[in-house]
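Notes for the one structure printed next.
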Ligand SMILES: *[C@@H]1O[C@H](CO)[C@@H](O)[C@H](O)[C@H]1NC(C)=O
C-alpha cells in the first residue's frame, strides 16, 4: 500500500513537471511571433511591380520575423462565381494573377513564393515562368491548376481576401490584418523602415538583436 502511494506521488510529481513545461510554452511561442503582412497586388500593375524591388530584399533580410500572404488580385472583379474575371490591365493580367495564385498555392514555402513572385513580376516581359520557378526551387507543373476550377477557386479566394480591405491603391500592404493609410504610404516609400518600426513597436525582435539598427 505504501509503495503504491509513493509510485502515485512520483507519478504526480512527474505530471506536475510536465505541466509546468506545457505552461511555459506560450511564453516561448510569443517570442517567435511574427509580423503578419498581407500584400494585395496585381500582376501587370507598374506600382506592384515597383514594390517588388523592395519586397525581395526586405523579405530576405526579415524572413525570420515576418509572415507574408501574397494576394494577386488587386482591382479585378469576378462575374458569375468566377465564370469570368475582369482585370484592371486586361485579360493578360487575369492570366498572370491566376498563374501566380497557382504557383503560390503549390508550395507552403513562403521564401519560395516570394522569390517566384518577385522574379516573375520583375521579368522584362512579365513571363519567365519556368526560369523564375527554377530560381525559386519550385516544380512548375501548374498547367492543370491554371486551366481548371482550381485556378478559379484560388482567384475567388484572393478576391475575398482583397475585398476585406477594398484597396483604393494597388499594391496595398496590410499589417496584422488592419489597413492603415499612414503605414501604407510609408511602406510604398520605404518598406524596410516601416517593417522595422512595426517590429520594434510590437516587440517582435529578440532583445539584443541589431537587425534594425
Ligand atoms: C492550396 O489551396 C487549397 C484550397 O484553398 C488549400 O486547402 C491548401 O492549403 C493550399 N496549399 C498551399 C500550399 O497553400
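Given the condition surrounded by fewer than 18 Cβ atoms within 10 Å (Cβ to Cβ) and within 16 Å of the ligand (Cβ to nearest atom), answer yes or no: does some residue in segment 113-133 qualify?
To start, the set of residues in segment 113-133 that are surrounded by fewer than 18 Cβ atoms within 10 Å (Cβ to Cβ) comprises 122-128, 130-131.
Still in the list and also within 16 Å of the ligand (Cβ to nearest atom): none.
No: zero hits.
Here is a list of conditions, (1) surrounded by 19 or more Cβ atoms within 10 Å (Cβ to Cβ); (2) in contact with a strand residue (DSSP E or B) (Cβ under 7 Å, 6 or more places away or on another chain), and residue 165 meets all of them except one; can you say which number that is?
In the conditions (1) surrounded by 19 or more Cβ atoms within 10 Å (Cβ to Cβ); (2) in contact with a strand residue (DSSP E or B) (Cβ under 7 Å, 6 or more places away or on another chain), residue 165 misses (1) alone.
Just need a number here: residues in segment 134-182 that are closer than 17 Å to residue 87 by Cβ, free of Cβ contacts under 8 Å to residues at least 12 places away in the same chain, away from the ligand (no atom under 16 Å from the Cβ) and within 17 Å of the chain's Cα centre (by Cα).
Final tally of qualifying residues: 1.
Has segment 39-59 got any residue that is in a strand (DSSP E or B), surrounded by fewer than 20 Cβ atoms within 10 Å (Cβ to Cβ) and in contact with a strand residue (DSSP E or B) (Cβ under 6 Å, 6 or more places away or on another chain)? If you could, list the steps in order and put the result at the bottom.
Step one: list which residues in segment 39-59 are in a strand (DSSP E or B), which gives 39-41.
Checking the rest, the ones that are also surrounded by fewer than 20 Cβ atoms within 10 Å (Cβ to Cβ) come to none.
No, segment 39-59 has no match at all.
Go through segment 60-70 and give me each residue that's without any contact (Cβ under 8 Å) to a residue 60 or more places away in the chain and either surrounded by 18 or more Cβ atoms within 10 Å (Cβ to Cβ) or part of a strand (DSSP E or B) (or both).
Our first condition is that a residue be without any contact (Cβ under 8 Å) to a residue 60 or more places away in the chain; within segment 60-70, this holds for 60, 63-64, 67-68, 70.
Those that are without any contact (Cβ under 8 Å) to a residue 60 or more places away in the chain and either surrounded by 18 or more Cβ atoms within 10 Å (Cβ to Cβ) or part of a strand (DSSP E or B) (or both): 67, 68, 70.
Only the coordinates and a few stated rules stand behind these numbers; no lab work does. Treat the numbers as computed from the prediction; the structure is a model and nothing was measured. We place every Cβ from the backbone using ideal geometry, glycine too, and count neighbours over all the protein chains shown.
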